[in-house]
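Novice: Below you'll find the structure I mean.
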Amino acid sequence: MVVYLIQQGTHPFYLGLESDGSAHGVFIFNSNAQEVTTGPAPHLVYRTIGGQLEFFFFPGPTPEQVIQQYEQVIGTPFLPAYWALGFQ
């Protein structure tokens, strides 16, 4: 199994890919300080100092469907104006 950890702001989300091509995802929502440590698969340590934990599980079964399910929870990415990206 391959695990991709995507940290977007305070959105720790991981996408797990199985050897048969199926995928799943887990999103842990918490506003307190948190630390995520990865190791040899399937090793993942999540630490937080407190707060309310909300777990979201995305069954997939394809990576594309996992990302679509994740975007339904957090919304689509923000597209900044061109001038904010350095296109003056």
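Read the figures in this text as sums done on the coordinates, not as results from a lab. Since this is a predicted model, take the numbers as computed values, not measurements.
Novice: Between 27, 58, 78, where does the largest GNM mean-square fluctuation fall for the chain, given springs only between Cα atoms within less than 10 Å?
Specialist: Residue with maximal mean-square fluctuation among 27, 58, 78: 78.
Novice: Need the full-extension length gain, residue 38 to residue 20, defined as separation in residues times 0.36 nm minus the C-alpha distance. One decimal, nm.
Specialist: Contour length minus Cα-Cα distance gives 4.2 nm.
Novice: Which length gain, in nm to one decimal place, applies between residue 11 and residue 47 when the Cα-Cα distance is subtracted from 0.36 nm times their residue separation?
Specialist: 11.6 nm
Novice: Based on alpha-carbon positions alone, could you give the equivalent ellipsoid semi-axes of the chain from the gyration tensor, as √(5λ), descending, whole Å?
Specialist: Rounded to whole Å, the semi-axes are 24, 19, 13.
Novice: Using helices alone, what [θ] at 222 nm do you get for the chain, with -39,500 (n - 2.57) per DSSP H run of 4 or more residues, divided over all residues and rounded to the nearest 500?
Specialist: Only helices count here, giving -4000 deg cm²/dmol.
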